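In what follows, a single structure is set out as structure tokens and then discussed.
The values are calculated or read from the model by the stated rules, or taken from the named source; none is laboratory data. Being a predicted model, the structure only gives us computed values, none of them experimental. Neighbour counts are summed over all protein chains in view; Cβ atoms, including those assigned to glycine, are modelled from backbone coordinates with ideal geometry. Please note that ligands, DNA and RNA were not included when accessible areas were found on the heavy atoms of the full protein model with its side chains. Shrake-Rupley method; radii C 1.70, N 1.55, O 1.52, S 1.80 Å.
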Amino acid sequence: MLTSLKRTIMKMFREFLVYHHSSLEFRAKLLTLMVSSNGEMCECEKQKLKEIANTIYHDDPDRAALLVDMVKEFHNKIVTDNGLNFEHLIQQVAKEVKEVKRFCGKIDIGLLMQLHECIDEEEEEERLFQMRIIEFLQELKSECEEG
């Protein structure tokens, strides 16, 4: 129960309590682009999301859990049309990469590709759409590194 209360407080006041909150939020937006591309989050994506969060924050399980919670929160906002839509999220990511150059290094195509593996081969449109997202993020990263 204490852990649950701690996570709830961290979620409510994360902007003030979480070290490098903006970096964590940016990573959550990147991951949300992938899991929200088809409008739902399957079990495979949930599992991969936890693995990715633990890979990124291998020495900080609380931060990894907070990353997963943020992705789920952003995803839920998109699905319920609660102040965030997919196109707006793409625009936010592009804007933040251009404004904060260190975010460029946070775009890890290899980790994003792990989420891409969750889409069935038969779902060609969804696979193609996710690949377009990955290409977009790769292009953003390339532009940032060149400039």
Query - Cβ-placed point charges (K, R +1; D, E -1), dipole of the chain about Cα centre in debye, nearest 20 - result: 960 debye
Report summary line: Taking Cα atoms only, Rg over Rh for the range 62-147 with Rh from the Kirkwood formula is 0.98
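Only Cα pairs under 8 Å and at least 6 apart count here; give the relative contact order of the chain as a rounded whole percent.
26 percent
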Query raised in the report: How high is the relative contact order of the range 49-103, in percent, with contacts defined as C-alpha pairs under 8 Å that are six or more residues apart?
Result: 17 percent
Query - In Å², nearest 10: area of VAL35 left accessible to a 1.4 Å probe - result: 0 Å²
Requested in this report: Show LYS98, LYS72 ordered by accessible area, largest first, where the area counts protein heavy atoms only and the probe is 1.4 Å.
Outcome: LYS98, LYS72
Query raised in the report: With all protein chains present and a 1.4 Å probe, how do ASP60, ASP69, ASP81 order by accessible area, largest first?
Result: ASP81, ASP60, ASP69
Requested in this report: Mind running the shape call on the range 39-86? Use the C-alpha gyration tensor, a ≥ b ≥ c as the square roots of the eigenvalues: rounded below 1.5 for a/c, prolate if a/b tops b/c, oblate otherwise.
Outcome: oblate
**Report entry** Accessible-area ranking of THR55, THR32, largest first, probe 1.4 Å
**Finding:** THR55, THR32
Query - Spatial extent of the chain: Rg and Dmax, with the Cα atoms as the point set, Å - result: 15.0, 48
Requested in this report: Apply 1/(1 + (r/R0)^6) to the Cβ-Cβ distance of THR80 and LYS101, taking R0 = 22 Å, and write down the FRET efficiency to the nearest 0.05.
Outcome: 0.10
**Report entry** Gaussian network model of the chain, springs between alpha carbon atoms under 10 Å - residue of LEU128, LEU30, LEU67 with greatest fluctuation
**Finding:** LEU128
Requested in this report: Only helical DSSP H runs with n ≥ 4 go in: add -39500 (n - 2.57) per run for the chain, normalise by residue count and round the 222 nm mean residue ellipticity to 500 deg cm²/dmol.
Outcome: -23500 deg cm²/dmol
Query raised in the report: Tell me, which cysteines of the chain are without a disulfide-compatible partner by the Cβ under 4.7 Å rule?
Result: CYS42
